[in-house]
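Worksheet: the structure to be examined is printed underneath.
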Amino acid sequence: MESILMIPIPADPGPFPLDPAAVALVVIDMQRDFIEPGGFGASLGNDVTRLGAIVPAVAELIGLFRAKGWPVIHTRESHLPDLSDCPPAKRLRGKPAARIGDPGPMGRILVRGEPGNAIIDACAPIAGEAVIDKPGKGAFYKTNLEALLAQNGIRQLVFAGVTTEVCVQTSMREANDRGYDCLLVEEATESYFAEFKTATLAMIRAQGGIVGWTCTLPALETAVTP
Ligand code: C5J
């Protein structure tokens, strides 16, 4: 049931009816391994500076939710130290300079508890914010996210983070299939490939919002600021 206090957010393909009593921000994988030189993303040959450029926007969005008292949930793509939750297909795919679990400049790559697996300081969780460790690309796969959302009456998810077409899009599709209304904030997500971000934003909002909505950060900020 929708709250009578819904806030219409200018979005694509139409206004997103934000319910302050049922919304949470999900910040996907703002981790050193993806964003800083020497991590997993860089080991795959990617230009990580593209991802670094969105850090201020993601931090601003997190700050907006904190100021409103709306929940902020963080995810980390991470594996157990024995890699028992990392299928060989995932570990062996591609030709990275270093694979998941291998030693890297920031510790073992994508392994839970290693320095490179941490969320970057500018977007770090504060006390009371949930951090979901996920072994897959999607935030719902083999995690307690769905139970956490249900316990807290969350039915709408605003998404940010990296990378747009991989973990962000996979998580949005998982959420969409579970009945959540999903809104992706354009300035607060990025891909190593400009054209993949553009295509992902377009496919999310195509066909009347087949996966969800997209909006700009200023549009969201203005709409929720009295
Ligand atoms: C990737 C992610 N790209 N967080 N992970 O492997 O999108």
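Computed quantities for the displayed model
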quantity: Selection from segment 89-108 of residues that are open to solvent by less than 40 Å² (accessible area, probe 1.4 Å) and in contact with a strand residue (DSSP E or B) (Cβ under 8 Å, 6 or more places away or on another chain); calculated: A98, I100, G101
quantity: Count of segment 146-164 residues which are assigned to a helix (DSSP H, G or I), surrounded by 20 or more Cβ atoms within 10 Å (Cβ to Cβ) and either of a type outside the set (V, I, T) or over 14 Å from the mean Cα position of the chain (by Cα) (or both); calculated: 1
quantity: Single residue of E36, E77 found to be under 17 Å from P105 (Cβ atoms) and either at pLDDT 95 or above or open to solvent by 10 Å² or more (accessible area, probe 1.4 Å) (or both); calculated: E36
quantity: So F65, is it aromatic (F, W, Y), more than 15 Å from the ligand (Cβ to nearest atom) and either open to solvent by 10 Å² or more (accessible area, probe 1.4 Å) or modelled with pLDDT of 95 or more (or both); calculated: yes
quantity: Which numbered condition L51 fails, given (1) within 12 Å of the ligand (Cβ to nearest atom); (2) open to solvent by 10 Å² or more (accessible area, probe 1.4 Å); (3) not hydroxyl-bearing (S, T, Y); calculated: (2)
quantity: Condition met for I9 (at pLDDT 95 or above, within 16 Å of the ligand (Cβ to nearest atom) and crowded, with 16+ Cβ neighbours inside 10 Å); calculated: no
quantity: Qualifying residue in segment 210-218 (condition: in a helix (DSSP H, G or I) and either within 15 Å of the ligand (Cβ to nearest atom) or surrounded by fewer than 16 Cβ atoms within 10 Å (Cβ to Cβ) (or both)); calculated: yes
quantity: Pairs with Cβ under 6 Å, 6+ apart, first in segment 93-112 and farther than 12 Å from G41 by Cβ, second open to solvent by 20 Å² or more (accessible area, probe 1.4 Å) and among the hydrophobic types (A, V, I, L, M, F, W, C); calculated: G101/L83
quantity: Of all residues in segment 165-188 being more than 14 Å from A139 (Cβ to Cβ) and open to solvent by less than 50 Å² (accessible area, probe 1.4 Å), the one that is nearest to the ligand (Cβ to nearest atom); calculated: E165
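The values are calculated or read from the model by the stated rules, or taken from the named source; none is laboratory data. On a predicted model such as this, the values are computed, not experimentally measured, just so you know. Every residue, glycine among them, receives a Cβ derived from its backbone with ideal geometry; neighbour counts consider all protein chains shown. For the accessible areas, the whole protein counts, side chains as well, though only heavy atoms, and no ligand, DNA or RNA atoms are used. Shrake-Rupley method; radii C 1.70, N 1.55, O 1.52, S 1.80 Å.
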